[in-house]
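A.B. asks: Before I ask anything, let me first share the structure, which is written out below as C-alpha cells.
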Amino acid sequence: MNFQHSPMVLELCERLRAFMTEHVYPLESAWFEHGRSEARWEPLPWMEDLKRKAREAGLWNLWRPKSNGGILTNLEYAPLCEIMGRVHWAMEVFNCSSPDTGNMDLILKFGLPEHQTRWALPLLQGSIRSAFLMTEPDQASSDATNIQCRVERDGDDYVLNGRKCWAAGAGDSRCKVLVVMGKSDPDHPDRHKQHSILLVPSDSPGVRVTRPLPVFGYEDPPQGASEVELTNVRVPQEALLLGPGRGFEIAQNRLGPGRLHHCMRLVGKAERAIEAMCDRAMARTTFGKPLSQRTVTLERIAESRIAVDAARWMVLHAAWKLDVGGNKEARKEIAMIKVMAANTACKVIDWAIQVHGSYGLSNDFALAHAYGYARTQRIADGPDEIHRNQIGKLELDARAKSQQK
C-alpha cells in the first residue's frame, strides 16, 4: 500500500485548488442568497459558465474510474474529491455530483446502447441531471428488501406505482431521468431477487414531485432532496437494467463507490472546519485572552487534527481496497469509513461552531450547513447502525474462520 500521490494527481490537486480559489469560494455567499430566492429551484446562474471553465481546465468528470473509461483510480480521485467537497455545490462544477456519478456509472456498466446515447452521454456532458429513487417514506428503507414500489409487467411495458423520498435532484428542472428501484417479483423465495431497477424519463405521465424535503431547514435547491409519487407510470421493457430481479446486484455496484465519495467530501468539510476553527481562535479574545490560548480550544483543535487525519487515511485505504478487490472485498473498509467519516465531521464541525459562538449557527461561515450535510451522512446510504452490524458480523466471521485453521 503506497498512498504517495503520483505527479499527475499532485498537479491536478494544484490546478483544482487554484480553480476553487479563483472561481468557487467567491460565490459561496451568492449560493446561500440564491437558495432563499424565488428562483431557487432553477439552475445556479453562474453554473454553466463555471462548468465550461472546468472543461477547458481539464477538470471534468474526474470521478470516472479507470475501470469505466476514466483516467483515475478511486485512490487517485480521493484527494480531488476532498478538495471539491469543501464547498457543498462545487461537485457539479466538475460534473462530479451525487447522484449523477453513481447513475452514470450504472448506465455505462449495465445500460443498453440506446441508454448510453439517450442518458449516459448527456450526463457525461453535464447537459442534464438525474435522480436515484430507492428510499420510501412508508418503509424502513435501511432494509432495502422492504421496498414496496411495484413494478408490474403489462404486455411490452412495465407499470410503476409507489412513493419515493429523499430523491436528490428530482426537483431540478434539468433532471431528465430517474433511476428507480421497485419490487418486480414479490413472491420470489430469495428476498434479494424480488427487485429491479428501471430508467424512467422524469417527464413520464404519472411522475409527480410532491414536495422538497429540507434538512435542518436547508432545501439545498436546485439539487435538494424531494418526495416523488409514481402513479401508473408506464415505460417500455427496454427501460429495465440488466434483467428482472437484479436490482440489489445493480445497487451494490452503485453504493460502494458512492459511499466512498461521500466520505471523501466529508473529510474536505472537516478539514475546512479545522481551518475555520483556527482562524476564529486566533482572531477572538475573551476575558483578556485569545481563544487560541484557551486549553479547551487547543485540545479541540488537536483532537480534530488527529481525527481528520485518521479518517483521511482510512478513506485512502478503503479506496485502495476498492481498486484492488472491488465492492465485495472492500465492503468492511467502506462500512468502517462510512461510520467514521460522518461522525468525525459532525464532531469537528460542531467544535468549530462552538468556537464561532452564535455566528457559527448562521450562514456567515457555512458551518451550520456543513453540519447538516455531515449529520445527514450518518443516515444516507445506510445508517450507522447497519454499517456497524455489518462490520461486527464480518469480524465474527473472520474470527470463526481463523479458529478453524
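The values are calculated or read from the model by the stated rules, or taken from the named source; none is laboratory data. Just so it is clear, the structure is predicted and the values come from calculations on it, not from any experiment. Note that we place each Cβ from the backbone using ideal geometry, even for glycine, and neighbour counts take in every protein chain shown.
A.B. asks: Filter the stretch 69-82 for residues that are farther than 15 Å from residue 262 by Cβ and among the aliphatic types (A, V, I, L, M) and give the result. Walk me through how you get there before you give the answer.
C.D. replies: Initial filter on the stretch 69-82 (farther than 15 Å from residue 262 by Cβ): 69-73, 75-76, 79.
Correct list: 71, 72, 75.
A.B. asks: Still on this structure, please answer the following. Contact list please: Cβ distance under 7 Å, first residue in the stretch 311-330 and basic (Lys, Arg), second residue at pLDDT below 95 and part of a helix (DSSP H, G or I), pairs at least six apart or on different chains.
C.D. replies: Note: pairs meeting the criteria are 321/329.
A.B. asks: Taking into account only those residues within the stretch 303-346 that are out of contact with any helix residue (DSSP H, G or I) (no Cβ under 7 Å at 6 or more places or on another chain) and more than 16 Å from residue 257 (Cα to Cα), which is surrounded by the fewest Cβ atoms within 10 Å (Cβ to Cβ)?
C.D. replies: Ranking the qualifying residues of the stretch 303-346, first place goes to 306.
A.B. asks: Looking only at the stretch 211-233, which residues are among the aliphatic types (A, V, I, L, M) and either within 17 Å of residue 177 (Cβ to Cβ) or surrounded by 20 or more Cβ atoms within 10 Å (Cβ to Cβ) (or both)?
C.D. replies: Just the residues of the stretch 211-233 that are among the aliphatic types (A, V, I, L, M), to begin with: 213, 215, 225, 228, 230, 233.
Across the stretch 211-233, the qualifying residues are 225, 228, 230, 233.
Per-residue answers, yes or no, for (1) modelled with pLDDT of 95 or more; (2) under 22 Å from residue 13 (Cβ atoms); (3) touching a helix residue (DSSP H, G or I) at 6+ places or on another chain (Cβ under 7 Å):
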| position | (1), (2), (3) |
| --- | --- |
| 55 | yes, yes, no |
| 63 | yes, yes, yes |
| 94 | yes, yes, yes |
| 100 | yes, no, yes |
| 117 | yes, no, no |
| 126 | yes, yes, yes |
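A.B. asks: Sticking with this structure for a sec: Being in the same structural domain as residue 46 (by TED's automatic domain parsing) and under 14 Å from the mean Cα position of the chain (by Cα): is that true of residue 88 here? Step through it out loud before you land on a result.
C.D. replies: Working: in the same structural domain as residue 46 (by TED's automatic domain parsing): yes; under 14 Å from the mean Cα position of the chain (by Cα): yes.
For residue 88, the condition - in the same structural domain as residue 46 (by TED's automatic domain parsing) and under 14 Å from the mean Cα position of the chain (by Cα) - is met.
A.B. asks: Separate question: Taking the stated definitions as given, is residue 221 in a loop (DSSP other than H, G, I, E, B), within 22 Å of residue 114 (Cα to Cα) and touching a residue at least 12 places away in the same chain (Cβ under 8 Å)? Walk me through it before giving the result.
C.D. replies: Numbers: in a loop (DSSP other than H, G, I, E, B): yes; within 22 Å of residue 114 (Cα to Cα): no; touching a residue at least 12 places away in the same chain (Cβ under 8 Å): yes.
No: the conditions fail for residue 221.
A.B. asks: Look at the stretch 66-123 and say how many of its residues are under 22 Å from residue 168 (Cα atoms) and part of a loop (DSSP other than H, G, I, E, B).
C.D. replies: 12
A.B. asks: Could you please find all residues in the stretch 124-134 being buried (at least 22 other Cβ atoms within 10 Å of the Cβ) and more than 15 Å from residue 175 (Cβ to Cβ)? Write out each step before concluding.
C.D. replies: Here is the first cut: in the stretch 124-134, the ones buried (at least 22 other Cβ atoms within 10 Å of the Cβ) are 126, 129-134.
Answer for the stretch 124-134, where residues must be buried (at least 22 other Cβ atoms within 10 Å of the Cβ) and more than 15 Å from residue 175 (Cβ to Cβ): just 134.
A.B. asks: Just need a number here: residues in the stretch 255-290 that are among the small types (Gly, Ala, Ser) and under 13 Å from residue 78 (Cβ atoms). Please lay out each step first, then the result.
C.D. replies: Of all residues in the stretch 255-290, those among the small types (Gly, Ala, Ser) come to 256, 258, 268, 270, 273, 276, 281, 283, 288.
In the following step, the residues that additionally are under 13 Å from residue 78 (Cβ atoms) were identified as 268.
Selection size over the stretch 255-290: 1.
A.B. asks: Go through (1) modelled with pLDDT of 95 or more; (2) out of contact with any Ser or Thr (no Cβ under 8 Å at 6 or more places or on another chain); (3) closer than 19 Å to residue 345 by Cβ for residue 239 and report which single condition fails.
C.D. replies: Of (1) modelled with pLDDT of 95 or more; (2) out of contact with any Ser or Thr (no Cβ under 8 Å at 6 or more places or on another chain); (3) closer than 19 Å to residue 345 by Cβ, only one is false for residue 239: (3).
A.B. asks: Which ones in the stretch 252-287 are of a type in the set (Gly, Ala, Ser) and either under 14 Å from the mean Cα position of the chain (by Cα) or surrounded by fewer than 22 Cβ atoms within 10 Å (Cβ to Cβ) (or both)? Steps first, answer last, please.
C.D. replies: Of the residues in the stretch 252-287, the ones of a type in the set (Gly, Ala, Ser) are 256, 258, 268, 270, 273, 276, 281, 283.
Once the filter is applied, which keeps residues that are of a type in the set (Gly, Ala, Ser) and either under 14 Å from the mean Cα position of the chain (by Cα) or surrounded by fewer than 22 Cβ atoms within 10 Å (Cβ to Cβ) (or both), the stretch 252-287 yields 256, 258, 268, 276, 281, 283.
A.B. asks: Of everything in the stretch 124-152, what is closer than 24 Å to residue 162 by Cβ, assigned to a helix (DSSP H, G or I) and either among the aliphatic types (A, V, I, L, M) or not assigned by TED's automatic domain parsing to the domain that holds residue 177 (or both)? Give them in sequence order. Step through it out loud before you land on a result.
C.D. replies: Step one: of the stretch 124-152, the residues closer than 24 Å to residue 162 by Cβ are 128-152.
Okay, now just the ones that are also assigned to a helix (DSSP H, G or I), so 144-146.
Selection gives 144 alone.
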